[in-house]
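The values are calculated or read from the model by the stated rules, or taken from the named source; none is laboratory data. Because the structure is a prediction, the values reported are computed rather than measured. Note: ideal-geometry Cβ built from the backbone for every residue, glycine included; neighbour counts use all protein chains shown. Ligands, DNA and RNA are excluded from the accessible area calculation, which covers all protein heavy atoms including side chains. Shrake-Rupley method; radii C 1.70, N 1.55, O 1.52, S 1.80 Å.
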Amino acid sequence: SGDPAFRLRVPLRENYLIFFDQILRGERANYEFCRAERAIERATSVCSQPSKMLADILGRNRVKAHIVGLEGHVVTRARVDNENDIWWILDADYGVVVEHDIDAIEADPERIRPFYAAQGYNDAVIDILVGIYGPEGNQTIDENLQCEGEDHYYLLKWLLPVVGLIPLPLHILIAWARGKKVHPEKN
């Protein structure tokens, strides 16, 4: 999970703000990107990363989506019909669309069986998933706050150094206005 060979930590060169934020918060070494392009560029992930990528892509295409953390798995909940407020579960890890919302699935986890079977999964795998889809420990997660934070970190990683450089041209401009010759390399 924290193996550097899998590149699951944001390196200093990628975004120094996320890198130091993780250290300051004492968070685990793994970081999952909100933006699909960054996750794809990384070319490796933990199990919930595909659900985040799918939620990002859906959101950018005006489909309301949430991450649902199950007890041992992560899926995406997507509103497929705005008018009638119909939601389906999309399992990006397994490539399965379950045409039910999480509440209906939690009430009867066996509802997922035909959808996973249609994708070729055997009964042993489906039995495990049926157990995971039970209501214990499940939670819907709104990723918007984390994703907005990530967007800000990527903006600030460039903005802070630029703002930090403002005093030098300002010093040169003031010295020029006063008629002084400036040699910044001697300061």
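One table, with the values for the structure above:
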| quantity | calculated |
| --- | --- |
| Selection status of residue 63, in a loop (DSSP other than H, G, I, E, B) and among the hydrophobic types (A, V, I, L, M, F, W, C) | yes |
| Residue in segment 124-131 that is farther than 30 Å from residue 31 by Cβ, part of a loop (DSSP other than H, G, I, E, B) and out of contact with any helix residue (DSSP H, G or I) (no Cβ under 9 Å at 6 or more places or on another chain) present | no |
| Unmet criterion (only one of (1) assigned to a loop (DSSP other than H, G, I, E, B); (2) modelled with pLDDT of 80 or more; (3) within 27 Å of residue 33 (Cα to Cα)) for residue 137 | (2) |
| Segment 67-81 - residue that is under 21 Å from residue 50 (Cβ atoms) and not hydrophobic (A, V, I, L, M, F, W, C) and, of those, most open to solvent (accessible area, probe 1.4 Å) | 71 |
| Residue list for segment 16-47, restricted to those being over 22 Å from residue 66 (Cα atoms), surrounded by 17 or more Cβ atoms within 10 Å (Cβ to Cβ) and at pLDDT below 70 | 42 |
| Single residue of segment 82-113 satisfying the filter (free of Cβ contacts under 8 Å to residues at least 24 places away in the same chain, open to solvent by 60 Å² or more (accessible area, probe 1.4 Å) and part of a loop (DSSP other than H, G, I, E, B)) that is nearest to residue 72 (Cα to Cα) | 108 |
